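The values are calculated or read from the model by the stated rules, or taken from the named source; none is laboratory data. If you're wondering where the values come from, they're calculated on a predicted model, not measured in any experiment. Note that each Cβ is placed from the backbone with ideal geometry, even for glycine, and that neighbours are counted across all protein chains shown. Please note that ligands, DNA and RNA were not included when accessible areas were found on the heavy atoms of the full protein model with its side chains. Shrake-Rupley method; radii C 1.70, N 1.55, O 1.52, S 1.80 Å.
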Amino acid sequence: MDRNEKADLVAELKQVFSETSVVVVTRNLGLTVAQSTDLRLRMRDAGAQFKVAKNRLALIALDGTRYQPIGELLKGPTALATSIDPVAAAKVAVDFAKTTDKFEVLGGAMGDTVLDLAGVKALAELPSLDELRGTLIGLIQAPASKIARTINEPGAMLARVFGAYAAEAA
């Protein structure tokens, strides 16, 4: 990798750190190509990214960002999982770590808050942004449907009464 490629990688990582909500630091202890591909697909499906970067270059990219404190986790064969949704990257990383012993979660950060392994696991247990949106929309829609039902009910009762009288007269 020449100097220009390194500079491009550092710039790309710096941009990712400025746009993301959460960074999860993981350790790869010999994943196969199939396992690595599976992990990347799971991350992509969840709206997250998984990037293996040289620790030295990642430390340079972290300099001056709010994620700078996680630099001390970058020792050995590490990779970074990032996502805009604060839960997505953590959820996929923790779930994948449960399926194989060759992948472990070291910690991470959400904004200015540094997370240890327990913090990342707790974050992974939270509902995703899409699940929260669905719940919120359901809560908002419920009162509206109750109001519509309440408003329509007197007319429906009258219609049933008139229908009963018409059936009785015939």
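If a paramagnetic tag sat 7 Å from the Cα of Leu126 along the Cα-Cβ line, which residues of segment 18-57 would have the backbone N under 12 Å from that point? 21-23, by backbone N distance to the label point. The stretch between Glu168 and Asp101 holds 16.6 nm of extra length on full extension. This uses 0.36 nm per residue minus the Cα-Cα distance. When the accessible area of segment 33-158 is split by element with a 1.4 Å probe, what percent falls to carbon and sulfur? Taking all protein chains in place, segment 33-158 shows 61 percent carbon and sulfur surface.
The Cβ shell under 10 Å around Phe50 holds other residues with a net charge of +4, Lys and Arg each +1, Asp and Glu each -1. Length gained on full extension, Ala142 to Met1: 45.1 nm, using 0.36 nm per residue less the C-alpha separation. For the chain, the relative contact order works out to 27 percent when only alpha carbon pairs closer than 8 Å and six or more residues apart are counted. From helices alone, the chain scores -19500 deg cm²/dmol at 222 nm; the rule is -39500 (n - 2.57) for each run of n ≥ 4 DSSP H residues, then divide by the residue total.
Divided by 2.2 N^0.38 Å, where N counts the residues, the Cα radius of gyration of the chain comes to 1.65. Taken along the Cα-to-beta-carbon direction at a fixed 7 Å, the label points for Thr113 and Ala11 span 3.4 nm. For the listed peptides 76-83, 20-27, a ranking on the average number of other beta carbons within 10 Å per residue, highest first, reads 20-27, 76-83. Averaged per residue, the chain has 61 square angstrom of accessible surface, using a 1.4 angstrom probe with ligands and nucleic acids left out.
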